[in-house]
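In what follows, a single structure is set out as structure tokens and then discussed.
The values are calculated or read from the model by the stated rules, or taken from the named source; none is laboratory data. All of these numbers come straight from a predicted model, not from anything done at the bench. Note that each Cβ is placed from the backbone with ideal geometry, even for glycine, and that neighbours are counted across all protein chains shown.
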Amino acid sequence: MSKQTITVIKGDGIGPSIVEAAIEVLAKAGCDFDYEYVDAGLTALEKTGELLPQATLDAIARNKITLKGPLTTPVGEGFTSINVTLRKQFSLYANVRPVISFKGTKARYENIDIITIRENTEGMYSGHRQLLSEDGLVAEASSIITREGAERIAVFAFETARRENRKKVTIVHKANILKSTSGLFLKTAREVAARYPDIEAQEMIVDNTCMQLVMNPQQFDVIVTTNLFGDILSDLCAGLVGGLGMAPGANIGKDCAIFEAVHGSAPDIAGKNLANPSSVILASIQMLEYLQMQDKAEKIRAALADVIASGDRTTRDLGGSFGTTDFTAAVLERL
Ligand SMILES: NC(=O)c1ccc[n+]([C@@H]2O[C@H](COP(=O)([O-])OP(=O)(O)OC[C@H]3O[C@@H](n4cnc5c(N)ncnc54)[C@H](O)[C@@H]3O)[C@@H](O)[C@H]2O)c1
């Protein structure tokens with residue numbers, strides 16, 4: 001079998017340091033990949049004058065699997081979000097964001113194990129029809145939900161639950177107010193749920209979900225929701241297990257996938273050796289699972305868990321005193 005080539009986008013801000021850490025970890029765990037490095041975001045803009053060069057799109061399409069650091073989209077300069085563009089261009093309709101408690105983190109809760117499955121291409125977040133009146137006094141945006149889009153994400157969520165022996169899928173919506181868009185999403189997800197009698201389907205309004213996640217997060221198993229709600233809820237979930245440094249995400253389409261951290265380029269800590277590389281290491285674990293390399297995924301997860309459990313050998317956000325490089329070295333040593 002030929003070697004798998006992974007497209008790598010190191011990204012902006014803390015991106016390069018945490019992506020390089022993840023690649024070192026993959027190598028140490030014995031993963032024999034080829035890597036094709038390409039640019040996007042501010043790094044690409046500076047080098048090529050484009051935020052998302054064609055060569056990058058070609059590499060993503062060619063290799064099918066991409067590991068990506070966070071990207072900075074300049075605000076208010078007429079640029080469309082690169083992430084939104086990538087998700088739409090490659091039809092990466094499912095955004096899978098797991099959060100799991102690791103022993104030793106300074107988190108509010110223990111025993112959290114929640115997967116948020118977010119529709120990734122439709123809804124308010126997709127930036128459809130963003131208009132501002134000429135006098136700058138009235139702004140307008142539109143949100144489109146399709147039955148097809150709602151059905152495929154609901155099927156994805158219930159299939160994930162079944163494959164991973166999970167018991168419950170919570171459908172999160174705001175159909176009481178957003179009667180057309182959220183209403184169609186809920187109605188479609190309900191119909192899909194009826195095809196999975198082995199899995200409990202629960203419905204919950206998004207504002208209540210926020211409160212429930214803070215008060216009693218252990219009740220959640222798999223959450224499926226629309227794009228914008230998923231964006232917000234998944235950061236909330238990251239906060240339950242120690243912060244954004246512990247939150248990976250996979251963008252999955254029919255024949256292409258991009259693995260990344262949930263967080264952004266963290267300009268406040270960029271260049272200071274403070275970033276927690278766990279987010280991209282955990283994204284690499286998701287990538288290995290997607291490639292059905294479970295043994296390597298488990299090996300890396302165990303090493304990471306061991307180092308985090310040690311308490312002090314972690315980055316500051318987890319309560320430790322190590323920088324990105326020393327934390328990574330500890331994981332490599334454990335491997
Ligand atoms: N997937 C992506 O590429 C992505 C996602 C979100 C935001 N962004 C972009 O990132 C930029 C910065 O956004 P922001 O500041 O709102 O959010 P952010 O996620 O970059 O940072 C939020 C907070 O979390 C902390 N943090 C994030 N990752 C961390 C890590 N690995 N270790 C330790 N602490 C970490 C940061 O220091 C900051 O205090 C913006 O340009 C935004 O558009 C990109």
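Being buried (at least 16 other Cβ atoms within 10 Å of the Cβ) and within 26 Å of Cys210 (Cβ to Cβ) is the requirement here; does Thr160 meet it? Give the steps one after another, and end with the answer.
Values: buried (at least 16 other Cβ atoms within 10 Å of the Cβ): yes; within 26 Å of Cys210 (Cβ to Cβ): yes.
Answer is yes for this residue.
Pick out the one residue from Ile144, Ile177, Ile153 that is crowded, with 20+ Cβ neighbours inside 10 Å and either at pLDDT 95 or above or in a loop (DSSP other than H, G, I, E, B) (or both).
On the way: Ile144 fails: crowded, with 20+ Cβ neighbours inside 10 Å; Ile177 fails: crowded, with 20+ Cβ neighbours inside 10 Å.
Criteria check complete, one pass: Ile153.
I'm told Leu71 meets every condition in (1) at pLDDT 90 or above; (2) away from the ligand (no atom under 16 Å from the Cβ) except one. Can you identify the failing condition by its number?
Among (1) at pLDDT 90 or above; (2) away from the ligand (no atom under 16 Å from the Cβ), Leu71 violates only (2).
Within region 93-104, how many residues are within 23 Å of Phe259 (Cα to Cα) and away from the ligand (no atom under 12 Å from the Cβ)?
Taking region 93-104 and keeping what is within 23 Å of Phe259 (Cα to Cα), we get 93-102.
Imposing the further condition that a residue be away from the ligand (no atom under 12 Å from the Cβ) reduces the set to 93-94, 96, 98-102.
So the count comes out to 8.
Rundown of residues vs (1) free of Cβ contacts under 8 Å to residues at least 60 places away in the same chain; (2) assigned to a loop (DSSP other than H, G, I, E, B); (3) within 14 Å of the ligand (Cβ to nearest atom), yes/no style:
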residue: Ala283; (1), (2), (3): no, no, yes
residue: Met287; (1), (2), (3): no, no, no
residue: Gln292; (1), (2), (3): yes, yes, no
residue: Glu298; (1), (2), (3): yes, no, no
residue: Arg301; (1), (2), (3): yes, no, no
residue: Asp306; (1), (2), (3): yes, no, no
residue: Gly311; (1), (2), (3): no, yes, no
residue: Gly320; (1), (2), (3): yes, yes, yes
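Could you grab the pairs with beta carbons closer than 8 Å, sequence gap of 6+ or different chains, first residue in region 253-272 and of a type in the set (D, E, K, R), second one assigned to a loop (DSSP other than H, G, I, E, B)?
Final answer for the pair search is Lys254/Ser91; Asp255/Lys64; Glu260/Gly69; Glu260/Pro70.
Within region 270-281, can you find the residues that are part of a loop (DSSP other than H, G, I, E, B) and either polar (S, T, N, Q) or within 22 Å of Ile232 (Cα to Cα) (or both)?
The initial filter retains those residues of region 270-281 that are part of a loop (DSSP other than H, G, I, E, B), namely 270-277.
Asn273, Ala275, Asn276, Pro277, listed by residue number.
Looking at Glu36, Glu20, Glu46, which is the one that is away from the ligand (no atom under 11 Å from the Cβ) and touching a Ser or Thr at 6+ places or on another chain (Cβ under 8 Å)? Can you show your working first?
Details: Glu20 fails: touching a Ser or Thr at 6+ places or on another chain (Cβ under 8 Å); Glu46 fails: touching a Ser or Thr at 6+ places or on another chain (Cβ under 8 Å).
Glu36 is the lone residue from the list that is away from the ligand (no atom under 11 Å from the Cβ) and touching a Ser or Thr at 6+ places or on another chain (Cβ under 8 Å).
When only residues in region 222-271 that are hydrophobic (A, V, I, L, M, F, W, C) and more than 30 Å from Tyr196 (Cα to Cα) count, which is nearest to the chain's Cα centre (by Cα)?
Initial filter on region 222-271 (hydrophobic (A, V, I, L, M, F, W, C)): 222-224, 228-229, 232-233, 236-238, 240-241, 244, 246-247, 250, 252, 256-259, 261-262, 266, 269-270.
Those still in the list that are more than 30 Å from Tyr196 (Cα to Cα) too: 244, 246, 261, 266, 269-270.
Values: Leu244: 10, Met246: 11, Ala261: 5, Ala266: 15, Ile269: 20, Ala270: 20 Å.
Only one residue tops the list, namely Ala261.
Considering only region 191-217, state which residues are surrounded by 14 or more Cβ atoms within 10 Å (Cβ to Cβ) and in a helix (DSSP H, G or I).
Val192, Ala193, Val206, Thr209, Cys210, Gln212, Leu213, Pro217
Which of the residues spanning region 238-268 are more than 9 Å from the ligand (Cβ to nearest atom) and among the β-branched types (Val, Ile, Thr)?
Val241, Ile252, Ile258
Go through Gly239, Gly249, Gly230 for me and flag whichever is farther than 16 Å from Tyr93 by Cβ and either in contact (Cβ under 8 Å) with a residue 40 or more places away in the chain or out of contact with any Gly (no Cβ under 9 Å at 6 or more places or on another chain) (or both). Quick ask: steps written out before the conclusion?
On the way: Gly249 fails: farther than 16 Å from Tyr93 by Cβ; Gly230 fails: farther than 16 Å from Tyr93 by Cβ.
Just one listed residue meets the conditions, Gly239.
Quick grid of which residues meet (1) outside the structural domain of Ile269 (by TED's automatic domain parsing); (2) surrounded by fewer than 18 Cβ atoms within 10 Å (Cβ to Cβ); (3) in contact (Cβ under 8 Å) with a residue 24 or more places away in the chain:
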residue: Thr5; (1), (2), (3): no, yes, yes
residue: Ser17; (1), (2), (3): no, no, yes
residue: Leu26; (1), (2), (3): no, no, yes
residue: Asp39; (1), (2), (3): no, no, yes
residue: Pro53; (1), (2), (3): no, yes, no
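Going by the structure shown, is Asp235 crowded, with 19+ Cβ neighbours inside 10 Å, within 15 Å of the ligand (Cβ to nearest atom) and not assigned by TED's automatic domain parsing to the domain that holds Arg316? Steps first, please.
On the way: crowded, with 19+ Cβ neighbours inside 10 Å: no; within 15 Å of the ligand (Cβ to nearest atom): yes; not assigned by TED's automatic domain parsing to the domain that holds Arg316: yes.
Judged against the criteria, Asp235 is not a match.
Take Ile60 and decide whether it is at pLDDT 95 or above and either away from the ligand (no atom under 16 Å from the Cβ) or in a loop (DSSP other than H, G, I, E, B) (or both).
On the way: at pLDDT 95 or above: yes; either away from the ligand (no atom under 16 Å from the Cβ) or in a loop (DSSP other than H, G, I, E, B) (or both): no.
It is false that Ile60 is at pLDDT 95 or above and either away from the ligand (no atom under 16 Å from the Cβ) or in a loop (DSSP other than H, G, I, E, B) (or both).
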